[in-house]
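Below is one structure, written out as structure tokens, with a few remarks after it.
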Amino acid sequence: MKNQKGFTLIEMMIVLLVISVLLIITVPNISKHSSNINTKGCEAYMKTVEAQVQAYKIDNNKTPTFDELKADGYLKSAEGKCPDGSLLQISSDGAVTKQ
């Protein structure tokens, strides 16, 4: 008898079936949580920006704009956008809110 190494067609089909079932289960769950992830990311970014606004106010005794925060190195980007794409604004008292 010959010693043949490798997978049979049936074994390959079973592996593909298992992978397909795992993908069918995981992909819908990931897409459901996408909006939740963006919301949490926006809340965290807003708190970060608010903390940087407070630090700027302590250092300079005035409420900054996003451009001033970027220019002085408090933020990397002056866009003022959340991960979900919504714009942020800084009020005169230093609170950061969504538009």
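Residues in segment 55-75: is at least one small (G, A, S), in a helix (DSSP H, G or I) and either at negative phi or loosely packed, with under 13 Cβ neighbours inside 10 Å (or both)? Looking through segment 55-75, at least one residue is small (G, A, S), in a helix (DSSP H, G or I) and either at negative phi or loosely packed, with under 13 Cβ neighbours inside 10 Å (or both).
Taken as a whole, the condition of being touching a Gly at 6+ places or on another chain (Cβ under 7 Å), basic (K, R) and at pLDDT 90 or above applies to K57. Residue pairs whose Cβ atoms lie under 6 Å apart, separated by 6 or more positions or on different chains, with the first residue in segment 68-83 and within 12 Å of V53 (Cα to Cα) and the second among the hydrophobic types (A, V, I, L, M, F, W, C) and assigned to a loop (DSSP other than H, G, I, E, B), are L69/L75; K70/A78. Of the residues making up segment 12-26, none is surrounded by fewer than 12 Cβ atoms within 10 Å (Cβ to Cβ) and either touching a strand residue (DSSP E or B) at 6+ places or on another chain (Cβ under 6 Å) or outside any helix (DSSP H, G or I) (or both).
Across segment 76-87, not a single residue is classified as surrounded by 14 or more Cβ atoms within 10 Å (Cβ to Cβ), out of contact with any Phe, Trp or Tyr (no Cβ under 6 Å at 6 or more places or on another chain) and either among the hydrophobic types (A, V, I, L, M, F, W, C) or more than 25 Å from K40 (Cβ to Cβ) (or both).
The values are calculated or read from the model by the stated rules, or taken from the named source; none is laboratory data. These figures come from a predicted structure and were not determined experimentally. FYI the Cβ positions are ideal-geometry reconstructions off the backbone, even for glycines, and counts take in every protein chain you see.
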